[in-house]
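Novice: Before anything else, here's the structure in question.
The values are calculated or read from the model by the stated rules, or taken from the named source; none is laboratory data. What you see is a predicted model, and the numbers here were worked out from it, not measured in a lab. Virtual Cβ from ideal backbone geometry, glycine too; neighbours counted across all protein chains shown. With ligands, DNA and RNA removed, areas are computed over all heavy atoms of the protein, side chains included. Shrake-Rupley method; radii C 1.70, N 1.55, O 1.52, S 1.80 Å.
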Amino acid sequence: MSILIKNGRIATAESDYIADIYIEGETIAAIGKNLKINADTVIDATDKIVFPGGIDPHVHLDMPFMGTFSSDDYSSGTLAAMHGGTTMVIDFILQTQGDSLYNALRTWQKKSEGKAYGDYSYHMAVTDFNENTKAEIQQMVDKEGITSFKTFMAYKGALMIDDGQMVALMHEVKRCGGMVTVHATNGDMIDHLIAKHRAEGKLSPLYHYLSQPEVTEAEASGRFVDMASYTDVPAYIVHLTCEGALNAVRNASKRNQKVFVETCIQYLLLDASLYEKDFEGAKWVMSPPLRQPKDQETLWAGINQGVVQVVATDHCPFMWEQKQMGKGDFSKIPNGHPAIENRVELLYSEGVAKGRISLNKFVEVSSTNAAKIFGMYPKKGCIAIGSDADIVIFDPTEKHTISAETHHMNVDYSGYEGWELTGKCKTIIMRGQVAIDNGKVLIDKGYGQFVKRGKISKVI
Ligand code: URP
Ligand code: ZN
Ligand code: ZN
């Protein structure tokens, strides 16, 4: 099976030029001007942008959380992702406290095997670090290709570890060649504020926001960065939202410490005023919460300055009925919002088309950096000879409107209902197969494969 993409504007993290791409089997075999090669399929990409398939390194598919499950599974989630130009995701395995990492891995393998459309990998969330789990880290890295270990500094009683566990985990992960990633918010402080607001009868979604002020994230980010500096482990902060937290990372760089930072599309585009819509605000109840316009400006600047390397989604959708679990009490609203399908097109439209970031930066933060940081480059995240042919052919002029009526995610509302976007993913090639063409799905469920990742470095 071979494909020739003719005359597209090829955009990578470093370059921008017009050429043809020849794909043989699952990988890119040649790139050049006017390639004279016969192919089974020829695609005319004149006036289109051709960029590497998006990588979303922060999604929660079929995840047990707050008494329910996120509503996209591996089928609906990876297919919706692909419609929106994301060809690979990294999901989170959650260790059950008191149980092993391997049991958790087997649970997630059952969720995913034979179901995914796009490729996927896992981060391992270590929620209970002890002598038994310590002994499993090396095998996760060397045998399973799971090289990033997620920690939670919040959600006490279910997911949170304390600082002693954090430092001990960091030492072991460093020794094994992995990375520690973190949900960095101060769980004890947040739990105190939640209890206080509930006791005062302040129960609407607005109080979710007011229970997680910026300081809770800035403090935890600073603490995490210091522990990572002490242990010298490769470190990554997920879903960073605000100026205070980013300043903690900037301080680290003064001592020449590199900490990778991910933000999510919603923190760049939405703000906390949405919590003033009474219970409708539940649509945007997520942790950390949406912040202020000044934080959005900080994050866009951070992207351009290279301090923020990744734009993910933290896709964790819940049906509106599931959100009703918190109708009379914000602390029971399942935390999370849907975006896996919208990330790439939103980032292009609001970022590139509006002049906030360059096309190269767009490719870097939506794909290439995640591949580099998480040990998959150059197999993933670039358009180069030998790389997997995961490619988006994109019409930068087509206008369309986001709606729950037309999206493919398994969720009955959109956090971006009615948003008008410029630029649309037209054809998606997934490991050498035309997976989606003009909205039509051409691959089968189960085409997606687990990607084993390599050891992780502190620099990319
Ligand atoms: O609200 C969120 N973010 N839900 C998913 C779990 C997490 O903290 O990432
Ligand atoms: Zn989180
Ligand atoms: Zn998350």
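Novice: With a 1.4 Å probe and all protein chains left in place, how much of the accessible area of the chain comes from carbon and sulfur atoms, in whole percent? Show your work: numbers first, answer last.
Specialist: Numbers: 7990 of 16280 Å².
Carbon and sulfur atoms account for 49 percent of the accessible area of the chain.
Novice: Count the net charge of all other residues whose Cβ sits under 10 Å from the Cβ of Thr181, scoring Lys and Arg as +1 and Asp and Glu as -1.
Specialist: Numbers: positive: Lys150; negative: Glu262.
Summing Lys/Arg as +1 and Asp/Glu as -1 gives 0.
Novice: Taking the Cα atoms only, what angle lies between the long axis of helix 293-305 and the longest principal axis of the chain, rounded to 10 degrees?
Specialist: 50 degrees
Novice: Rounding to the nearest 20 debye, state how big the charge dipole of segment 52-373 is about its Cα centre with +1 on each Lys and Arg Cβ and -1 on each Asp and Glu Cβ.
Specialist: Around 380 debye, computed over segment 52-373.
Novice: Could you tell me how far the Cα centroid of segment 88-127 sits from the Cα centroid of segment 410-428, in Å?
Specialist: Spelled out, the Cα-based centre of one part sits 27 Å from the other.
Novice: So, one more: So what are the ³J(HN,Hα) numbers for segment 86-98, from phi and the Karplus equation (6.51, -1.76, 1.60; θ = phi - 60°), rounded to whole Hz, Gly and Pro as x?
Specialist: 9, 9, 9, 10, 10, 9, 10, 7, 9, 5, 7, 4, x
Novice: Which value, in Å³ per residue, describes the convex hull spanned by the Cα atoms of the chain?
Specialist: So the per-residue hull volume is 124 Å³.
Novice: Is the shape of segment 347-436 rounded, prolate or oblate, going by the alpha carbon gyration tensor and its root eigenvalues a ≥ b ≥ c, with a/c under 1.5 for rounded and a/b larger than b/c for prolate?
Specialist: On the way: a/c = 1.88, a/b = 1.51, b/c = 1.25.
It is prolate, given that a/c is not under 1.5 and a/b is the larger ratio.
Novice: Beyond a 25 Å Cα-Cα separation, which of these cross-linked pairs lie in this structure: Lys156/Lys202; Lys110/Lys426; Lys354/Lys440; Lys111/Lys277; Lys115/Lys156?
Specialist: Lys110/Lys426; Lys354/Lys440; Lys111/Lys277; Lys115/Lys156
Novice: Ignoring ligands and nucleic acids, what accessible area does Thr41 show with a 1.4 Å probe (Å², nearest 10)?
Specialist: Near enough 40 Å² of accessible area.
Novice: Pull up all non-local amide H partners of Lys426: gap of 5 or more, or a different chain, and H-to-H distance under 5 Å with H placed in the peptide plane.
Specialist: Ile393, Phe394, Asp395
Novice: Right, something else. Taking the chain as the reference, fit the longest principal axis to its C-alpha atoms, fit the long axis of helix 131-142 to the helix C-alpha atoms, and give the angle between the two in degrees, 0 to 90, nearest 10.
Specialist: Computed tilt is about 10 degrees.
Novice: With an 8 Å cut-off on Cα pairs and a minimum separation of 6 or more residues, tell me the relative contact order of the chain in percent.
Specialist: Once normalised by length, the contact order is 22 percent.
Novice: Probe of 1.4 angstrom, ligands and nucleic acids ignored: what's the accessible area per residue over the chain, in square angstrom?
Specialist: Spelled out: the 1.4 Å probe surface of the chain, per residue, equals 35 Å².
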